[in-house]
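Taken together, the values in this text are just the output of simple stated rules run on the coordinates, not laboratory data. Not measured: the values here are computed from a predicted model.
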Amino acid sequence: MDFKEATDVLTSAPTMTLAKVAEAFGKDTHTIMRARMEGPNARTPPRDWQPVVARLARAQAAYLRRYAAGLDRLADELE
C-alpha cells in the first residue's frame, strides 16, 4: 500500500479530511496533496508516514464504533 492508497482509504469517511491528515503530520494540506500526486510536481510522502496513518485509522475506527453503538441504542429505543 502506498501513501495515496492509504490516504484514499482514510479519507473515504467524511469526517476525515486531508486537512486533518496534514495536521497530524505538521504539514500544509497542499504538501499532503502533492505527496499523493504522481508526476514531476509530486512530492515524496512524509518520512515514516505509515505509523501516523495507522494512528489516524485507529482513531477513525474508534469514532465509527461509537457512532454504530449510538445507532444501535437508538434502534433499540425505537422498537
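Mind listing the phi-derived Karplus ³J(HN,Hα) values for segment 32-38, rounded to whole Hz, using 6.51, -1.76 and 1.60 with θ = phi - 60°, and x for any glycine or proline?
5, 4, 6, 5, 8, 7, 10
Over every pair of different alpha-carbon atoms in the chain, take the mean of 1/r and invert it; report that Kirkwood radius in Å.
13.9
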